[in-house]
Amino acid sequence: MKEVKIGLLGLGNVGKGVWKILDMNREELIKRSGYDIKIGKILVKDINKKRDVDVPKEILTEDFNEILEDDSIEIIVELMGGLEPAVDYMLKGMKRKKHIVTANKMAVATKGNILLETSKKEGVMLYYEGSVAGGIPIIHGLKDNLVANKIEEVIGIINGTTNYILTKMTQDKISFEEALKEAQAKGYAEADPTSDVEAFDAVYKLCILSSLAFDTIVNVNSIYREGITNVKPIDIEYAKEFGYVIKLLGVIKESNGELELRVHPTMVPSAHPLANVNDSFNAIFLKGNAVGDLMLYGRGAGELPTGSAVVGDIVSILRNKEKSSYYPHLGNEEDKKIKDMQEVECEYYIRITVKDKPGVLGEISSIFGKNNVSILSVIQKGKREEQVSLVFITHNTLEGNINKSIEMIKALDDAEKIENIIRIENL
Ligand SMILES: NC(=O)c1ccc[n+]([C@@H]2O[C@H](COP(=O)([O-])OP(=O)(O)OC[C@H]3O[C@@H](n4cnc5c(N)ncnc54)[C@H](OP(=O)(O)O)[C@@H]3O)[C@@H](O)[C@H]2O)c1
């Protein structure tokens, strides 16, 4: 039987998952790949750290060169995270003709170009299924199974931590802060939750998805980003009243050759399948011009689900490595214009605290009218220390028109505070 040796960079959550899957599914993997997959060496930061997997200490190393210079190791699996030294190690590995598997969304989103170019130049494979939505096979899906389609839009819940927090806020009627604490206690959120709650993590994933789905190279900085820290239980209540659920969505749409790229809290109709993706689950909903509507749903993180994607990539490499060419997705990318957010069209939920005086509603409505914003419905609620809440739902309108209206409303003496503006996707 043929044997292949891999070098693992990292034995954290995902590294452990890969170790466990290679052990528990060894027979199936031999049958399916034609190889007995052995882990030759594992790079860690601290070889003396106590670990809850039974890995022989002699295969652990703190020196990357032990993996790089070992020519019996054909595949490097990068599961360290962060940009450096992960990117440097992947590039060095490719230059030594080693194939690469990574789950590192930050590296793929921001250094994908150089990684892909180097893999092409060196004639090695680079696979990164685990970098978006953990166990959900969206990357192979887009590159292979859906290749016959022009993709029209991709809309995803691609961050499990924020989906868990929003689900808890909705179901248990608790604040963002309380839900975050629960997420941290359950291990869904890190001690520093910024990357998740401020949507940086989702932006990296959206960047990878948009590049693949629309044959382009997207710069992460061109993606509009808004996290979930300003979503209040009252917004969730109003959303429910209007028939919506609030989710952090990544949205990619193409129209007239321009791409809309945005990640933000969004109201989704409560009957839509995305509204029913709860807890830490992820889902990606897309429209292809041949396949129609499609939704993939599953675990977007965790050691075994992400390990499943990573081991799948290892098997893809083993199946392809005898072939002479294996980078068909490279080299045909076109530059695409990214739509300015002012030009994006949406429906909007706008909550404003105003002084409880006659005529305020009229003043605000007239500002919206002047800016071509047509109002679908309005609710006025509550009486507390002379203030009331006005909640508007608009018809489809340009974001620029909303922004102009908001500037004018802020200047009104009777408008106390623009509490929240949430985009609505009537999917
Ligand atoms: N966790 C998930 O569910 C998930 C899902 C999808 C994608 N990902 C991605 O997968 C990657 C790994 O995530 P993770 O959650 O498994 O990370 P993790 O639990 O923090 O593990 C990181 C591992 O890398 C090692 N390491 C880190 N920096 C190192 C350095 N400079 N030199 C040597 N070893 C180093 C650590 O060594 P020690 O053990 O000695 O500290 C540890 O074993 C990240 O890119 C992440 O974004 C994770």
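The values are calculated or read from the model by the stated rules, or taken from the named source; none is laboratory data. Small disclaimer: the values here were computed from a predicted structure and weren't measured. All Cβ positions, even for glycine, are placed from backbone atoms using ideal geometry, and neighbour counts span all protein chains on display. To get the accessible areas, we keep the full protein, side chains included, count just its heavy atoms, and leave off ligands, DNA and RNA. Shrake-Rupley method; radii C 1.70, N 1.55, O 1.52, S 1.80 Å.
Side notes on the structure shown:
- Matching residues in the stretch 238-271 - criterion: being surrounded by 21 or more Cβ atoms within 10 Å (Cβ to Cβ) and over 19 Å from V344 (Cβ atoms): Y238, A239, V245
- Sole exception among (1) touching an Asp or Glu at 6+ places or on another chain (Cβ under 7 Å); (2) open to solvent by less than 50 Å² (accessible area, probe 1.4 Å); (3) polar (S, T, N, Q) for S195, by number: (2)
- Test: residue in the stretch 141-153 that is at negative phi, more than 13 Å from the ligand (Cβ to nearest atom), buried (at least 20 other Cβ atoms within 10 Å of the Cβ) and β-branched (V, I, T): yes
- Test: residue in the stretch 341-352 that is out of contact with any Leu (no Cβ under 6 Å at 6 or more places or on another chain), among the hydroxyl-bearing types (S, T, Y), farther than 30 Å from G81 by Cβ and buried (at least 21 other Cβ atoms within 10 Å of the Cβ): yes
- Residue within the stretch 272-286 that is assigned to a loop (DSSP other than H, G, I, E, B), within 25 Å of K150 (Cβ to Cβ) and either free of Cβ contacts under 8 Å to residues at least 60 places away in the same chain or open to solvent by less than 10 Å² (accessible area, probe 1.4 Å) (or both) present: no
- Scanning the stretch 282-325 for residues that are over 21 Å from D196 (Cβ atoms) and of a type in the set (D, E, K, R), we see that the one that is nearest to the ligand (Cβ to nearest atom) is D313.
- Total residues in the stretch 394-405, condition in contact (Cβ under 8 Å) with a residue 40 or more places away in the chain and buried (at least 19 other Cβ atoms within 10 Å of the Cβ): 4
- Residue list for the stretch 371-393, restricted to those being under 17 Å from T353 (Cα atoms), of a type in the set (A, V, I, L, M, F, W, C) and surrounded by 15 or more Cβ atoms within 10 Å (Cβ to Cβ): V378, V388, L390, V391, F392, I393
- The stretch 142-244 holds helices (runs of 4 or more DSSP H) entirely within its bounds, and those carrying 2 or more residues that are over 17 Å from A109 (Cβ atoms) map to 160-172, 176-185, 233-241.
- Number of the exception - L318 against (1) open to solvent by less than 10 Å² (accessible area, probe 1.4 Å); (2) closer than 30 Å to A183 by Cβ: (2)
- S119 being more than 28 Å from G17 (Cα to Cα) and either at pLDDT below 95 or open to solvent by less than 50 Å² (accessible area, probe 1.4 Å) (or both): no
- Residue satisfying condition, being more than 23 Å from P305 (Cβ to Cβ) and surrounded by 20 or more Cβ atoms within 10 Å (Cβ to Cβ), within set I67, I21, I76, I42: I67
- Of the residues making up the stretch 108-128, just one is within 11 Å of the ligand (Cβ to nearest atom) and within 13 Å of V77 (Cβ to Cβ), namely Y128.
- Here D235 fulfils each of the conditions (1) buried (at least 16 other Cβ atoms within 10 Å of the Cβ); (2) within 22 Å of the chain's Cα centre (by Cα); (3) charged (D, E, K, R) apart from (2).
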